[in-house]
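Comments concern the structure below.
Computed from the coordinates by the stated procedures, all read-outs in this text should not be read as laboratory data. Keep in mind it's a predicted model, so treat the numbers as computed, not measured. Using ideal geometry, Cβ is built from the backbone for each residue, glycine included, and neighbour counts are taken over all protein chains shown.
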Amino acid sequence: MAPITNAEDTMPTQSSTQAQPQNHPYLGMWVTGDGHIRQELLPTGRYDEARGNRRSAYQGRYVVTGNHIAYWDDTGFTADGTFVDNDTLHHGGMVFYREKP
């Protein structure tokens, strides 16, 4: 049986890797169903997350590989998520939906 690893164990640190330009179908704004959390995935490989009235509550870099997304917050926090389809992201126990123009 393979050992269990945490996402933090396999993710490079912010200091060791810089944001890289991203080209994938998931660019843009992602919002929770209640609109409380808004996360923008930028083509620069950076993200900007707002929570409620708090703009830019979290910022950092991200990498998309297939349907998996890995996050490295500027404060050192790491997280990941899965795009279950082109318009739905499961991340941090929450469901985000692509914001439609």
Residue ID - nearest to the chain's Cα centre (by Cα), chosen from residues in the stretch 18-38 that are part of a loop (DSSP other than H, G, I, E, B) and aliphatic (A, V, I, L, M): LEU27
Lone qualifier among GLY45, GLY76 - being under 12 Å from the mean Cα position of the chain (by Cα) and in contact (Cβ under 8 Å) with a residue 12 or more places away in the chain: GLY45
Residue list for the stretch 51-101, restricted to those being closer than 26 Å to GLN18 by Cα, of a type in the set (Ser, Thr, Tyr) and either surrounded by 14 or more Cβ atoms within 10 Å (Cβ to Cβ) or touching a Ser or Thr at 6+ places or on another chain (Cβ under 8 Å) (or both): TYR58, TYR62, TYR71, THR78
Qualifying residue in the stretch 27-38 (condition: of a type in the set (S, T, N, Q) and free of Cβ contacts under 8 Å to residues at least 40 places away in the same chain): no
Qualifying strands (runs of 3 or more DSSP E) (wholly inside the stretch 49-101; at least 1 residues being farther than 16 Å from GLY28 by Cα and in contact with a Phe, Trp or Tyr (Cβ under 6 Å, 6 or more places away or on another chain)): 68-73, 78-85
